[in-house]
Each structure stands twice: as C-alpha cells, then as structure tokens.
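Asker: Have a look at the structure that comes next, please.
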Amino acid sequence: MSWLVHELRLIARSRLCVAALLILGLLATVALVSGAREVSRQRETLTHLAPLHESDVAAVKQKRSKDGDAGYAAYYTFYDTFDPPSAAAFVALGLRDVAPLALRIRALGLQAQLYEGESFNPELALTGRFDFAFVLIYLAPLFIIALLHDLVSGERQSGRLRLLMAMPGAATRLWVRRAGLRLGLVLACLCMPLGLAMGVMGSGGLALAGALGVVLAYVAFWGGLCLLIAACRWSSTTQATALMSGWVLLTLVLPTLANLAITKRIPVSQGVELMLKQRQNVHAAWDEPREATMQRFFRSHPEWQGTAALPVEFHWKWYYAFQQLGDESVAAEVAAYRTGLLARQRWTERLGWLLPGVAAQALLHRLADTDLPAQLAYQRRIEAFHGDIRAFYYPYVFNERTFGTEDFARRPKYVAAERPPQLAWPQLLPLAGWALGVLGLGAWALRRSRED
Amino acid sequence: MSTVFRIAQEEWRLLRRRRVAMLGLLLLTVLSLSAALTAWQQRQAVAADRARYQAQVNQEFDAQPDRHPHRMVHYGTFVFRPLNALAAFDAGIDAYTGHTLFLEGHRQNSANFGDVRQSSLLLRFGQLTPALVLQLLAPLLLVFIGHGVVAGERESGTLRLLLTQGVGPGQFLLGKLLALSGVAALLLLPAALALLALSLSAKAPPLAAAALLAAYAAWLLLWVMIVVGVSAVLKRRRDALLGLLALWTVLLVLLPRLAADAATTARALPTRFETDIDVARDLTAMGDSHNPDDPYFAGFRRQVLAQYGVSKLEDLPVNYKGLLGIEGERMTSELFDRYADASFERQQAQSRWMDAFGLLSPVLALRRLSMTVAGADLDSYRRFLVQGERYRYTLIQSLNRLQAVQIGYAEDRNPNRQARIAHSHWHDQPDFIYEPRPLGQTLRSAAPAAGVLVAWLVAIMAALMLAAGRRLGRVGR
C-alpha cells in the first residue's frame, strides 16, 4: 500500500490537483444545496397555496350555496391540483422551473385549461439552473480532463518516462494506479456530497443507488476517454486540445444538432391545433339545436339519457354536455400531441445510446422525476381528476338535485401522485457499456503505448 | 508597422501548417454556416406557422354566425407572437416562452405552447444558432489556436532572440494580436454573411445587424487579447492552455448559471395560481355586479341614471347590461394589469441581477446585447403580452359596446330568447398587429450592455499592456 501513500503525497503536492478536487467538491456541494433550497421553496409555495385556495373556495361556497344550483357551483368552484417535487428532484431540477407547480381547474372543458403555463423569467430559464446534473454532465468531465490528460506526457516532459519504461510492467501499473486514484478522488468529490444530500433529503435507496451508478458510469467514461488520449504520443497541449474538443462535441455541438433534427422531424403543432379546434367546437354549440347536442352527448354517455328533457330556457346540463363534447371532439388530437411529445422523448433516449452526456441527463432526470414524462404524468393525473369533478357534479346537474353547503364538503379532493423513482435500465446499460468499453480501451492503449 | 505585420504573417504561416488547427477552423466555419442556415430555416418555418394560425384565427372570428355579442366575448380570439427576423441569428428566449395567447373576456391567460415544455430536456443543451457558435465555441477555438502564441516562442527560445534583435515588446505583442485577430475575423465571417443576408432580404434593419456584428467583433477581440495576454504572462504553453480553459469554463459555463440561480433566489416570483386567487379576492372586495344591493354597483347604477337623466334602467337609451359589462371588464383588466406589471417588474429585477453579473462575466453582457438587438429578450416578450392584453381589452369592450347599443335592455333580460346581432360586426373588429420595439429604443436598451462590453475591452487592454508588456520587457533584458 506504500504506493498509495506515495501517490497521495504526489497529489497533495500538486497545486493543480488539490485545487481541482477541492473546487469540484465545492461545486457539487453548492449545486446540491442550491437544488435542495429550490425544492424546499417549491414545497413551501405549495403549503402556502393550500389555505389560499381553501379561502377562495369558501368565498364561492358562501356566495353559491344559497341558491342551491349545482350548475353555478360547478362553474365558479376551482379545484387545486399540484405536483410536489419528488424526494430526488433537487438533484436534477429539470422542467420544474418552467412548468406549473400547481394548476387550478374547474368543471368546464379541460382542454382549454390543461396547457395553462406558469409565469417565469424566460431569460433565467434560458441560462438553466445550477444543479447537480449540471455539475456532473458539464463540469465533472472538465475536471477529469484537467487531472488526467497528461498522465503520460507529463512524465515524458519531466524526463522520468524513460526510467519508468526501463522497469518491466512498472509503467502500466503506475498509470493504472495513478489514473484509478485520481478518478477515485473525483468520484469521492461527487458522490460524498451527493450521498449525504440524498440521505438527508430522504430520496430512498433506489434513487441513491441509481444516481451513484450514473455518476460512476459517466466518470468512468470520461476517465477512459482521457486514458485513450493520454496513451497517444502527443504533447500534453495537443492532448488537452483533443479532449476539450471531445467535450465540446459531446456536450454542446452534437446534442444541439440532435435537438434541431428531432424538433424538425417530430412536429408537435397538434397542441395549438387542438386548442383552436376545441374552442371552435365548444362555441358552435350555441348555434346548433340544443336537442341535437344532447343526443350526441347521450350517445357517449347513455347513463344520462333518461333524465328530464331540456326546458325552454337555459339549462346547465346542456352547458356541461357541450363542454364535455368539446373535449371529446379533440381526443384524437390530444392523443397525437402526446404521442409526438413522447416520440421526442424516446428519440432523446435513443440518442443517449450514442452520447453518454445525454444518457446521464435523461437518467438523472427520470430518477428525479422532473422530465417531460413526469410533466405528462401530471397532466394525465389532472385529466383523471377532472373526470372525478364531472362525475361529482353531473348527478346534481342532470337530476336537478339541490347543491347545498354540505355538498361542498363532499367535493373530490386531488391527491398528488406517489411516483416511485424510476431507474431507466435501457439507458443505464448503454451508458455502462460505453464506460466499460472506453475504460477498457484506454487501459489497453496505455499498455500498448509501453511496448513501442 | 511592417515588423508587426511580419510577425503576424509568420504566425499565419505556422498556423497554416498546423493541420489540427486548420481542421478546427474548418469545422467551426462549417458549423457556423450550417447553424446560420438551419436557424434561418427554422425561423422561417416557425414564422410561417404562426402567420398561418393567425390568419386562420382571424378568418374564423370573422366567419362566426349572428350571435349575442357576449358570446363573442367568451369565444375570444388567439394571437400568435411573431418572430423577429434576427431570431435567425440569436433565438434568445423564443423557445422558452409561450407563443399562443388566448384572449377572452374576464380572464387574462398565459401564452402557451412554448418549445421548452414541448421538448425533451435535450433543449437545455442549447440551440444551434450563429450566436451560440460565436458566444461559446469561437472563444474556445481561439484558446486552442492561440494559447502558445507567446508562451510557445518563450519555450522554444525564439522570443528572447526576437527581442534582442531589436523587436520591441509592444511590436511583438501587436503582431501576435494582429495574427489572432485575423483568425477571429475568419471565425466571424460566416456570421457576418448571415447578417448581411438577413438585412439584404429587407427583413432585418441593417443598423441592428451592424450593431450585432460590432458586438461580436468586440467579443472576439476581447478573447484575442485575453488569449495573447495569458500566453504572455504564463511561462509555459501547458500552463497557458490550462489557465485559459479554466477561464473559459468559469466565465462562459459556470458564472452564467450561478448568476441565474442567484437571481432566482433573490427575487422569487408568485405563481399564477396565487395571482389568480388574489385577483378573484380583490374583485370580490370591489363589488359584485350580480348582487342588486352591492354598494359599488348601486353607485354605478345611480351614476348612469343621472348621466342619462332617467329614473329607471328600462328608460335608458342604451342597454344597461352592456354598460355593466364594460364597467366589469374595466375593473378586472385593471387588476390583471396591476398584477401582470408587478410580475414583470420582478422578472426585470431578476434580469437586472443577471446583468450585474455581466461585470464578472462579459458573456452575460454580450448575451443581453445580442438578445435585445435580435428582439428575443424578456422586454420584447413583455411587449407582446402587453399589446395582446391591450388588443384583448379593446376587442372585449367593443363587443360590450355592441351589446349596449345594438341590443335592447328588455330583450337582453328575457331568459327565453337569445338576442343576436349581425355577424358583419365581427368582421368590423380590427385584427391584431404586433408592433415590434422601435429600433432606436432597442439600441438604447442595448447600450448599457455595450458599455459593459467596452469596459471589459478597455480593462483587458490595460491589463495586457501592463502585465504582458512588463513580462516581455524582462525577457528582453
């Protein structure tokens, strides 16, 4: 073990090494703290919104329970839905800075309410958040490059290489140990704060194991790439240039090119189109015979067929019937819109098979449940809850039952999803494959470089 | 002067022989050109889509049948945010904002369907535009190509030779600066062509394009000086390279994110959820138009009766329900505007926080300038929302007036019949036309960022003269 003490002493003596490791550890810690602060701010916002919403409903209740008309109650009562951050969300904040944390809906057409946005500063969103995912995907490779690019050339430039080569096997052993130790220290700088933070935040074993696995594989990939370049008989500046170009290509150029291609190949204009069509269909109801609308409604909802016929004057059941028909008339567009969004996600995941940075990003955000699928899951949950709201009011509206104060208390309540963390194996395996492959290739190249 | 030029020429000659450097230069040029082309195509496609939707919506509005005007208040309309021509150069915040705004009575909706919520997280890696290439990649290439311009000569001993042969340290530095500036000019060329094409197509104002070109030229010049300076101050090529790469990472990758994080925490925004509830609460506090005993609306009724000199609502020459609609809309809109303004003030305070970080990282100043001139900044977005809201208000009030004038009070109160007016009235409503920020105002709002950029140039130049000049002077002695 004396080599370990020796290597550690060497590292301690190199200002560059010590500074790099300390800064990396510090950045990881700052990112985790900042992420945790953001998540707790989101939780606080949610707890702050709940009583606000209750008081809003109480005001409606006070105003609307006198006449006992369920139609008015349904029209004016909002329902709160919310999407609390998962216990691992602080690791990768993802889309949570641009998507609504909570959404209020009511019994009217859902498709006109579902896509409502949040107010946020787009200039800040453009820059992106400083979370652990950013430190890992963008910054960690740079530190690994700084620590490993001149593994061999550094010795050559200091004139010790010849001496090392004279001893059989010594050089390879030295490179492997030295690279292993440095990568180990990089891993420690990332994993220790990460493990500690995820423990404190109660992210759970699977999320922790998954996140550590992603860190390990990603660091190993970059370590392997550095060894591969280090084994080339280039000057240290050429090696640094090559590695840095690789970083730019893998984390800046190729992902942006791929994004361009995906956006172009998979258009998602169905979102706007369904919104236009839904509005058109809903408002057309005012100009067509009301009985015809009701017959169309009964076709898909025969359970209300037997209720009393429409009176001459306005009746809420006609109103809610055409609102629902409006939603149903764009069901195909809604499905196509979602399919398009999921196709974009799927192609991004496939891209992860080629680009480890994209894979690490997708994996971490899936674990944190802050990606596009998480947003869609929240929308689907809102949709289901909207069904509950309709189901709650319809018996009052269609059977013309009085809607009193006690009925307000019976209204459905949104329950936030308990989504367990998901480790996307189909993406972790290629990432691990890349890591092992490139690491093996790097070690092989190092051994070969000794022979000639 | 000829010495300076000879030094630069020599550097260029060496550069032409470095295959890796030439390959990098070529690749970046290709990337830059394809970025310009694809960004332009993308912009055209997006702009065409939005124009098509806008035309469709306008046509559908005009084609609505005879109706009660209040039905049209709820039917509302959509407006789509048009794209500035220079968005093909710098897309700025376009992907991060909604572009589809539904305008209806009684409500102020958010602009929806922004790309950011319709894309996977891949979008967060950035968007390939000429601006991105020049902001991030061009400085990096300058670092790769130029880190050895002085340090390399020092390492090989040629620096001492040159300086003892009578080349002044200033001349030497100028030569190197000229050499790297030539490279920078080459990097700028594709972007300049793109800007030229954009202004020749008569879509982008030439002055704005020229301002962008000047800003990016200054930006690259800044990096030329940084590279030459660091290369002169640090002894070895390796140290110069590592130092420059660290600087690039800190200034261009790390600091902007830290700045955004700091700005978010410094000024948290209220959620729409909260704002909606606040508006509803304030509205209830102001009055309830459906309640006959409500003090505010009782007062309003008295005032209307007095104004027309009648004693009963039935005797009014206009429909009181229409007047009530106008008054209600006025009250809600005032509230919406107040809350929207407060939210935007906060967002702008956040952005000012970011701008303050421009003193630490010049890329933030450059980005501010670039986004502003390209019309893809927060302020342009706000203009769209404000104009959309103004259009909404005018449209809704015009429909309310139609109700007041065209429909009798008694007829309007009869629950058994829907009064309707002719559909030609819908056609009479003017269409939404977005007015971009005037060029003069754009340039004025970009001026502070330009000032920061110039300050950086001056500071780096001074540092270069002082530190590098002194160091080279020492070598020569």
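Okay, residues lined up against (1) of a type in the set (A, V, I, L, M); (2) in contact (Cβ under 8 Å) with a residue 24 or more places away in the chain; (3) within 13 Å of chain B (Cβ to nearest Cβ); (4) more than 30 Å from A:Phe221 (Cα to Cα):
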residue: A:His283; (1), (2), (3), (4): no, no, yes, yes
residue: A:Glu291; (1), (2), (3), (4): no, no, no, yes
residue: A:Arg299; (1), (2), (3), (4): no, no, no, yes
residue: A:Leu310; (1), (2), (3), (4): yes, no, yes, yes
residue: A:Tyr319; (1), (2), (3), (4): no, yes, yes, yes
residue: A:Thr339; (1), (2), (3), (4): no, no, yes, yes
residue: A:Arg346; (1), (2), (3), (4): no, no, yes, no
residue: A:Leu355; (1), (2), (3), (4): yes, yes, yes, no
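Asker: Would you mind stating whether A:Ala179 is more than 10 Å from chain B (Cβ to nearest Cβ) and open to solvent by less than 30 Å² (accessible area, probe 1.4 Å)?
Answerer: So A:Ala179 fits the description; yes.
Asker: Another question, then. Starting from region B:345-362, keep only residues that are of a type outside the set (Asp, Glu), then list their pairs with residues that are open to solvent by less than 10 Å² (accessible area, probe 1.4 Å) and not in a helix (DSSP H, G or I) whose Cβ atoms are within a distance under 8 Å, requiring at least 6 positions of separation or different chains.
Answerer: As it stands, the answer is B:Gln347/A:Asn121; B:Gln350/A:Asn121; B:Ser351/A:Asn121, since those pairs meet every condition given.
Asker: Let me ask you something else. State the number of residues belonging to region B:22-55 that are free of Cβ contacts under 8 Å to residues at least 24 places away in the same chain and in contact with a helix residue (DSSP H, G or I) (Cβ under 7 Å, 6 or more places away or on another chain).
Answerer: The number of residues fulfilling the criteria is 1.
Asker: For region A:214-229, check the following and say yes or no: at least one residue is crowded, with 24+ Cβ neighbours inside 10 Å, in contact with a helix residue (DSSP H, G or I) (Cβ under 7 Å, 6 or more places away or on another chain) and without any contact (Cβ under 8 Å) to a residue 12 or more places away in the chain.
Answerer: No: region A:214-229 contains no residue that is crowded, with 24+ Cβ neighbours inside 10 Å, in contact with a helix residue (DSSP H, G or I) (Cβ under 7 Å, 6 or more places away or on another chain) and without any contact (Cβ under 8 Å) to a residue 12 or more places away in the chain.
Asker: What pairs can you find where one residue is in region A:124-149 and closer than 24 Å to B:Ala95 by Cβ and within 7 Å of another protein chain (Cβ to nearest Cβ), the other is open to solvent by less than 10 Å² (accessible area, probe 1.4 Å) and of a type in the set (Gly, Ala, Ser), and their Cβ atoms are less than 7 Å apart, with a gap of 6+ or different chains?
Answerer: From region A:124-149, the pairs are A:Leu124/B:Ala260; A:Leu124/B:Ala263; A:Thr127/B:Ala260; A:Gly128/B:Ala260; A:Arg129/B:Ala260; A:Phe130/A:Ala31; A:Phe134/A:Ala31; A:Phe134/A:Gly128.
Asker: So which helices (runs of 4 or more DSSP H) are wholly in region B:110-179 and hold at least 2 residues that are within 14 Å of chain A (Cβ to nearest Cβ)?
Answerer: B:138-146, B:151-156
Asker: Residues in region A:150-166 that are within 12 Å of chain B (Cβ to nearest Cβ) and acidic (Asp, Glu): how many?
Answerer: Residues in region A:150-166 being within 12 Å of chain B (Cβ to nearest Cβ) and acidic (Asp, Glu): 1 in total.
Asker: Can A:Leu372 be described as more than 25 Å from A:Trp304 (Cα to Cα) and open to solvent by 20 Å² or more (accessible area, probe 1.4 Å)?
Answerer: It is false that A:Leu372 is more than 25 Å from A:Trp304 (Cα to Cα) and open to solvent by 20 Å² or more (accessible area, probe 1.4 Å).
Asker: Given the criterion within 12 Å of chain B (Cβ to nearest Cβ), within 21 Å of A:Leu187 (Cβ to Cβ) and among the polar types (S, T, N, Q), identify the matching residue among A:Thr251, A:Thr238.
Answerer: Only one candidate passes the filter, namely A:Thr251.
Asker: Mind counting the residues in region B:187-233 that are modelled with pLDDT under 95, under 22 Å from B:His147 (Cα atoms) and within 18 Å of the chain's Cα centre (by Cα)?
Answerer: The qualifying residues number 0.
Asker: Scan region B:19-74 for residues that are within 30 Å of B:Asn400 (Cα to Cα) and in a helix (DSSP H, G or I) and report the count.
Answerer: Residues in region B:19-74 being within 30 Å of B:Asn400 (Cα to Cα) and in a helix (DSSP H, G or I): 19 in total.
Asker: From the list B:Ala218, B:Ala204, B:Ala209, exactly one residue is open to solvent by less than 30 Å² (accessible area, probe 1.4 Å), hydrophobic (A, V, I, L, M, F, W, C) and not in a helix (DSSP H, G or I). Which is it?
Answerer: B:Ala204
Asker: For region B:221-252, name all the residues that are touching a helix residue (DSSP H, G or I) at 6+ places or on another chain (Cβ under 7 Å), assigned to a helix (DSSP H, G or I) and of a type outside the set (A, V, I, L, M).
Answerer: The answer is B:Trp223, B:Gly229, B:Ser231, B:Arg237, B:Arg238, B:Gly243, B:Trp248, B:Thr249.
Asker: Need the failing condition index for B:His106 against (1) at the interface with chain A (Cβ under 9 Å from one of its Cβ atoms); (2) open to solvent by 10 Å² or more (accessible area, probe 1.4 Å), just the number.
Answerer: Result: B:His106 passes all but (1).
Asker: I would also like to ask the following. Residues in region B:277-312 that are facing chain A (nearest Cβ under 10 Å) and either open to solvent by less than 50 Å² (accessible area, probe 1.4 Å) or at positive phi (or both): how many?
Answerer: Residues that pass the stated criteria total 4.
Asker: Run A:Ala50 past the list (1) of a type in the set (Gly, Ala, Ser); (2) closer than 30 Å to A:Ala197 by Cβ; (3) in contact (Cβ under 8 Å) with a residue 40 or more places away in the chain and report the number of the one that doesn't hold.
Answerer: A:Ala50 satisfies all of (1) of a type in the set (Gly, Ala, Ser); (2) closer than 30 Å to A:Ala197 by Cβ; (3) in contact (Cβ under 8 Å) with a residue 40 or more places away in the chain except (3).
Asker: Quick check on region B:56-71: of everything there that is more than 8 Å from chain A (Cβ to nearest Cβ) and under 31 Å from the mean Cα position of the chain (by Cα), which residue is farthest from B:His106 (Cα to Cα)?
Answerer: Within region B:56-71, the match that is farthest from B:His106 (Cα to Cα) is B:Gln59.
Asker: Could you look through region B:389-427, keep only residues that are free of Cβ contacts under 8 Å to residues at least 12 places away in the same chain and in a loop (DSSP other than H, G, I, E, B), and pick out the one that is least open to solvent (accessible area, probe 1.4 Å)?
Answerer: Filtering first and then ranking leaves B:Asn414.
Here's the yes/no breakdown for (1) crowded, with 17+ Cβ neighbours inside 10 Å; (2) of a type outside the set (D, E, K, R); (3) over 21 Å from the mean Cα position of the chain (by Cα):
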site	(1), (2), (3)
A:Gln278	yes, yes, yes
A:Thr293	yes, yes, yes
A:Gly306	no, yes, yes
A:Leu310	no, yes, yes
A:Glu333	yes, no, yes
A:Trp347	yes, yes, no
A:Phe385	yes, yes, yes
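Asker: Out of all the residues in region A:305-322, which are outside any loop (DSSP other than H, G, I, E, B) and over 18 Å from A:Asp69 (Cα atoms)?
Answerer: Scanning region A:305-322 gives a single hit, A:Phe322.
Asker: On to the next question. Somewhere in region B:110-120, is a residue within 30 Å of B:Pro206 (Cα to Cα), touching a helix residue (DSSP H, G or I) at 6+ places or on another chain (Cβ under 8 Å) and in contact (Cβ under 8 Å) with a residue 40 or more places away in the chain?
Answerer: For region B:110-120, residues within 30 Å of B:Pro206 (Cα to Cα), touching a helix residue (DSSP H, G or I) at 6+ places or on another chain (Cβ under 8 Å) and in contact (Cβ under 8 Å) with a residue 40 or more places away in the chain: absent.
Results for (1) polar (S, T, N, Q); (2) within 30 Å of A:Ala20 (Cβ to Cβ), shown as yes or no for each residue.
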site: B:Pro256; (1), (2): no, yes
site: B:Thr275; (1), (2): yes, no
site: B:Pro295; (1), (2): no, no
site: B:Phe300; (1), (2): no, no
site: B:Glu327; (1), (2): no, no
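Asker: If only one of A:Leu8, A:Leu16, A:Leu32 is facing chain B (nearest Cβ under 9 Å) and either in a loop (DSSP other than H, G, I, E, B) or open to solvent by less than 80 Å² (accessible area, probe 1.4 Å) (or both), which one is it?
Answerer: From the options A:Leu8, A:Leu16, A:Leu32, the qualifying one is A:Leu16.
The values are calculated or read from the model by the stated rules, or taken from the named source; none is laboratory data. Here the structure is a predicted model, which means the values were calculated and not measured. Because the Cβ atoms are built from the backbone with ideal geometry, glycine has one as well, and the counts that use them run over all protein chains shown. These area figures cover heavy atoms from the full protein model, side chains too; ligands, DNA and RNA do not enter into them. Shrake-Rupley method; radii C 1.70, N 1.55, O 1.52, S 1.80 Å.
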